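See below for the structure under consideration.
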Amino acid sequence: MEYVFHCLTFEVTRRCNLVCKHCMRGKAQNIDLSKEMVDDFFSNNSIKRIEHLFFSGGEPTLNSELIIYIINKIIQEQMDVLEIAFVTNGQQFSLELVEALNRFYDYRMESLTKKYGIHREELFFMNPIRITFSIDSFHKPICSEVKELLNQYGKRFSITYFEVPDDEIIKTGNADFGLDYNYKLDIIRYSSKEDAIYFIIDLLYVTSTGFITSNGMGMYSDMDALNMGHLSSQSIGEILFNYGTPIFGTTPIKREDLIKKRILK
């Protein structure tokens, strides 16, 4: 069975270089998604296409090494990934990450040209790289070195800016104000196509600890307590068959078992 993911998110780290009073994640954790879990995800699941691949955190640029690793893997294995995107607080950005993003840009444009016979100059409206900066009053201003780096080497990227309105802050994590919020799994809808592909319409979220959820909101502790399964025990296919409509209140693997497997520190 092959899978097409509409939105797939890798939470590459739970570390952060800021402590924002509105952060829904709660206290930062010294946990990174490992290369081994990424390899397991791709090798244990037959993935036909990823339409939107997001890198989340924490602050995703704190684990640029893994983002670069995934980009290189996409290119080396000729994966069909339409877009890469992530949100950053703009406090740091490495040249190596910019170079990797540019490699993906060239790879994606070249693959579109080969697949559809479209000339590169006709693809100017299709930007496969989207970087969003958080610029609200809770974050520090974007670092001048980051601006200079992207202005020099990242001119082809789609740069957007995001500001959380006060009336949209959710009362969870670090926030002791805002909208009431209770973490729960979202329904994952899917349908068969071409008798072989299940098209996942909504978000599939892989946490840094290896849990699979359909909700990218809320605290780390919520994600680890309420989820659809763990990469160490199930393939994505098994998880989707079992939880096409997630069963709320599923019990995750015991924390001590994950520590024994060196998944949690």
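Name the aspartates and glutamates eligible as straight-distance cross-link partners of residue 140: C-alpha to C-alpha under 14 Å, and not fewer than 8 places from it in the same chain. Filter leaves 59, 163.
Counting only protein heavy atoms and a 1.4 Å probe, tell me what percentage of segment 145-194's accessible area is made up of carbon and sulfur.
Its accessible area is 44 percent carbon and sulfur atoms.
Heavy-atom accessible surface of residue 132, to the nearest 10 Å², is about 20 Å², with a 1.4 Å probe and all protein chains retained. Our estimate of slack between residue 30 and residue 166, defined as 0.36 nm per intervening residue step minus the Cα-Cα distance, is 46.1 nm. In this rough spin-label picture, where each label sits 7 Å from Cα along the Cβ direction, the residue 126-residue 51 distance is 1.4 nm. Under 5 Å from the amide H of residue 59 lie the amide H atoms of 15, 16, 17, each residue being 5 or more positions distant or on a separate chain, with H modelled from the backbone and absent for Pro and chain starts. You can think of it this way: the chain between residue 95 and residue 152 has 19.5 nm of extra reach, that is 0.36 nm per residue less the Cα-Cα gap.
In this structure, residue 39 and residue 17 have a Cβ-Cβ separation that, at R0 = 30 Å, corresponds to a calculated FRET efficiency of about 0.65. Rounded to the nearest 0.05, the FRET efficiency derived from the C-beta distance between residue 110 and residue 136 at R0 = 45 Å is 0.75.
Among the protein heavy atoms, those of residue 109 account for about 10 Å² of accessible surface (1.4 Å probe, every chain in place).
With 26 Å as the limit, the listed pairs 27/184; 73/171; 35/184; 21/73 have 73/171; 35/184; 21/73 beyond it between alpha carbons. Once you divide the Cα radius of gyration of segment 1-131 by 2.2 N^0.38 Å, the number left is 1.11.
The values are calculated or read from the model by the stated rules, or taken from the named source; none is laboratory data. Keep in mind it's a predicted model, so treat the numbers as computed, not measured. Every residue, glycine as well, gets a Cβ built from its backbone with ideal geometry; the counts of neighbours run over all protein chains shown. Accessible surface is based on the protein model in full, side chains and every heavy atom, while ligands, DNA and RNA are left aside. Shrake-Rupley method; radii C 1.70, N 1.55, O 1.52, S 1.80 Å.
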